């Protein structure tokens with residue numbers, strides 16, 4: 001995920017046409033560091049969000065999340081999802097193909113995630129919670145759908 005943030009930061013830097021000195025000054029102002037490689041994951045996310053908002057205001061990029069996350073189609077979500085999130089999606093959709101789950105929408109998945117690990121959406125689940133979800137879905141498959 002770290003390389004995704006760094007790559008996105010550099011893409012946004014290009015779209016904003018920031019010179020290297022201006023970019024490093026912006027990084028120093030936001031985080032106290034002058035290289036994206038030195039940033040913590042939280043700082044990378046903050047820099048990415050800041051650059052995204054700047055790019056949106058300047059018209060360099062389209063605004064993100066035009067539709068709610070839960071309403072987004074699987075193909076649009078999977079690019080931003082971690083491998084474990086994609087595994088949850090894959091298992092969820094397999095249960096749908098097997099006839100175990102009737103509604104394979106993101107909203108239905110998020111409702112199940114909330115009941116299972118008490119987070120409001122898959123995207124907010126930690127690695128440990130994602131492991132719990134994956135194992136629960138595997139067990140559900142083995143039971144053949146018996147809740």
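The values are calculated or read from the model by the stated rules, or taken from the named source; none is laboratory data. What you see is a predicted model; the values in this text were computed from it and never measured. Cβ sites come from the backbone with ideal geometry, for glycine too, and all protein chains shown count toward neighbours.
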| Top-ranked residue of segment 55-73 - restricted to ones that are in a helix (DSSP H, G or I) and within 26 Å of residue 9 (Cβ to Cβ), ranked as modelled with the lowest pLDDT | 69
| field | Selection within segment 108-121 - farther than 21 Å from residue 143 by Cβ and loosely packed, with under 14 Cβ neighbours inside 10 Å | value | 118, 120
| Does segment 81-98 contain any residue that is surrounded by fewer than 16 Cβ atoms within 10 Å (Cβ to Cβ), at negative phi, in the same structural domain as residue 116 (by TED's automatic domain parsing) and modelled with pLDDT under 65? | no
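Would you tally the residues in segment 81-96 being assigned to a helix (DSSP H, G or I) and in contact (Cβ under 8 Å) with a residue 12 or more places away in the chain? If you could, list the steps in order and put the result at the bottom.
At the first step, the residues of segment 81-96 found to be assigned to a helix (DSSP H, G or I) are 83-96.
Checking the rest, the ones that are also in contact (Cβ under 8 Å) with a residue 12 or more places away in the chain come to 84-85, 87-89, 91-95.
The qualifying residues number 10.
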| In segment 12-29, the residues that are part of a helix (DSSP H, G or I) and surrounded by 15 or more Cβ atoms within 10 Å (Cβ to Cβ) | 12, 13, 15, 23, 24, 26, 27
